[in-house]
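What follows draws every value from the coordinates through simple rules; no lab data is involved. All of these numbers come straight from a predicted model, not from anything done at the bench. We place every Cβ from the backbone using ideal geometry, glycine too, and count neighbours over all the protein chains shown.
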Amino acid sequence: MIELCGRTYTVPREKTAVFCIDGEDPEYLDDALARGLMPRLAGALALGGFFARGLGQMPSFTNPNNVSIVTGAPPSVHGISGNYFFDRAAGVEVPMNEPRFLRVPTIFEAMERAGVRTLCVTAKDKLRAMLGAVRDPAVRAPISLSAERAHEQTIPGDARMIPAIVGRKNPSIYDWDISHYAMEMALALHAQLGARLVYVSLTDYVQHKEAPGGPMADRFHARFDELLGAYLDAGFVCGLTADHGMNDKTRADGSPDVRFLDDLLRAAGIPGCRVLLPITDPYVVHHGALGSYATIYHAPGAAEKVRAALASVPGIEAVMTRDEAADRLDLPADRIGETVVLGDRSTVLGKSRELHDLSAVQRGLRSHGGLHERVVPLVVCRPLRPGFPREGAPLTNADIFDLVLNGAT
Ligand SMILES: [Zn+2]
């Protein structure tokens, strides 16, 4: 047994893999299962496997949720409040990709300490350092690789670059099958590395581009299912979840439905506000840096004025003070601004009109970040023991390793 963030986990007796399907609203799985696109997942569920809806963490962005998945804890505990935060002391906006921002160890560090070899493969390179982090330098680091940079990476004891081992070149980060490449990598490498616990985190390019039933979404799920089958055939206990869902964020004419917060605050005559969009990451073709969550740094005394300027704007669903947001959304208060703003199901939030390059998302913007992208699937491809899922607190994506390691039969 290992302990982490108030939970205990059984050390895996069998090879175990958890997949985070980035941006996977459960409707993608419902739709793909209903149309027979995922026979291996359907087969596992027919044999008593577990499939439920649960909640992701707020904000419904990639980094906070991946870190919750791998720590079993909410952002208020692990400290990752977005893909970006504003470092007040330094006066700069900083990507939260570095291990120094983590306030707790990951399950991989805890497993490595117990002698379990762990392997993390992420599609997006931005997650690689945090997944491979160790806080205790005496602990062997998890092996952490990315599909995006696989052509620059090797594994211990093998001089070949990763694509030579996988047997094909890694696709670009904007290819439909970069996620599958991450799954192929972990499958190809785990035996050589002796890895018993594997985590593969995919990318949401496909989910940003197409709703359930789109041709690329169909291809994505059919190939995912083939690879899931390959893991099951290789003897893995498999679980899957998502970091967040995805919704259309468009007006009736298909153009992006955006509220530009800097413009609104300027029009209301409130000076000295800094709007931070923590969806921002290097992959702006996905979403144009537009999501349904923003935080605003401003003078403490301006909170009521900011609320008055934004709360009644159509499409803005909630305006919260820092304390309200920390309390209601389980966020780390020291890593958010004085105000938190949420867009509704079909609305995204921007800084100012001239700052965003909307050329890549002029039609059919799909994005996430708010409360409406919080519902995620939780799947275990084995029947669960009695007592699972646990009663009490609502199921979240932070429970997936508990379900797979402690709950799977
Ligand atoms: Zn994501």
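Entry note, the chain: relative contact order of 27 percent, from Cα contacts under 8 Å with a spacing of 6+ residues. Highest GNM mean-square fluctuation among MET111, MET161, MET130, for the chain modelled with Cα contacts below 10 Å: MET161. The alpha-carbon atoms of the chain, seen along their principal axes, cover 62, 47, 46 angstrom, with the largest extent given first. Applying a 4.7 Å Cβ-Cβ cutoff to the chain leaves CYS5, CYS20, CYS120, CYS273 as cysteine residues with no disulfide-compatible partner. Extension gain, ASP248 to ARG35, is 74.5 nm, computed as 0.36 nm per intervening residue step minus the present C-alpha separation.
Here the 3J(HN,Hα) profile of the range 73-78, calculated from phi with Karplus coefficients 6.51, -1.76 and 1.60 at θ = phi - 60°, is 9, x, x, 4, 8, 8 Hz, Gly and Pro shown as x.
With a simple spin-label model that places each label point 7 Å from the Cα along the Cα-to-Cβ direction, the separation between ARG113 and ALA42 comes to 4.4 nm.
Close amide-amide hydrogen proximity is noted between VAL237 and LYS15, THR16, ALA17, each under 5 Å apart and 5 or more residues distant or on a separate chain (H modeled in the peptide plane; Pro and chain starts excluded). Comparing GLY115, ASN170, SER352 along the charge dipole axis of the chain, the residue lying farthest to the positive side is GLY115, per the Cβ-charge model. Which lysines, on any chain, are close to LYS249 with Cα under 24 Å apart, when same-chain ones fewer than 8 places away are left out? Those lysines meeting the cut-off are LYS124, LYS209, LYS351.
Quick check: from the Cα gyration tensor, does the range 256-337 come out rounded (a/c under 1.5), prolate or oblate? Taking the square roots of the gyration eigenvalues as a ≥ b ≥ c, the range 256-337 is oblate. Close amide H partners of ARG366, meaning residues 5 or more places away or on another chain with modelled amide H under 5 Å apart, are LYS249.
For VAL121, nonlocal amide neighbours, meaning residues 5 or more places apart or on other chains whose placed amide H falls under 5 Å from its own, are LEU145, TYR199, VAL200, SER201. Residues in the range 376-392 carry Karplus couplings, in order, of 10, x, 10, 10, 10, 7, 9, x, 9, 5, x, x, 10, x, 5, 7, x Hz; the curve used is 6.51 cos²θ - 1.76 cosθ + 1.60 with θ = phi - 60°, and Gly or Pro positions show x. Applying Stokes-Einstein at 37 °C and 0.692 mPa s to the Kirkwood radius of the range 1-64, computed over alpha-carbon pairs, gives a translational diffusion coefficient of 223 µm² s⁻¹.
The stretch between ALA52 and ASP323, if pulled fully straight at 0.36 nm per residue, gains 94.4 nm over its current Cα-Cα span. Ordering LEU331, PRO300, GLY272 by the projection of their Cα atoms onto the charge dipole of the range 248-367, which places +1 on the Cβ of Lys and Arg and -1 on the Cβ of Asp and Glu, puts GLY272 at the extreme positive end. Taking the longest Cα principal axis of the chain as reference, the axis of helix 178-193 is set at about 40 degrees. Of the beta bridges in the chain, as assigned by DSSP with both residues counted there, near 60 percent are antiparallel. Pop the C-beta distance of GLU14 and ALA188 into the FRET formula with R0 = 25 Å and round what comes out to the nearest 0.05. Efficiency computed from Cβ-Cβ geometry: 0.85.
Can you give me the angle between helix 215-233 and the longest principal axis of the chain, using Cα atoms only, in degrees from 0 to 90, rounded to the nearest 10? In the chain, helix 215-233 runs at an angle near 40 degrees to the longest axis. Within the shell of other residues whose beta carbon sits under 10 angstrom from the beta carbon of THR241, the net charge comes to -3, with Lys and Arg scored +1 and Asp and Glu -1. Computed 3J(HN,Hα) for the range 237-245, one whole-Hz value per residue from the Karplus formula 6.51 cos²θ - 1.76 cosθ + 1.60 where θ = phi - 60°, is 7, 10, x, 9, 8, 9, 7, 6, x, glycine and proline marked x. If you take the Cα centroid of the range 40-103 and the Cα centroid of the range 109-165, the two points sit 18 Å apart. Is any residue of the range 309-343 close enough, with backbone N under 19 Å, to a label point placed 7 angstrom from the Cα of ALA89 along the Cα-Cβ axis, and if so, which? Correct set: 332-338.
The charge dipole of the chain, taken about the Cα centre with unit charges on the Cβ atoms of Lys, Arg (+1) and Asp, Glu (-1), comes to about 560 debye, rounded to the nearest 20. Hydrodynamic estimate: the Kirkwood radius of the range 132-223 over Cα pairs, inserted into Stokes-Einstein at 10 °C and 1.306 mPa s, corresponds to D of 109 µm²/s.
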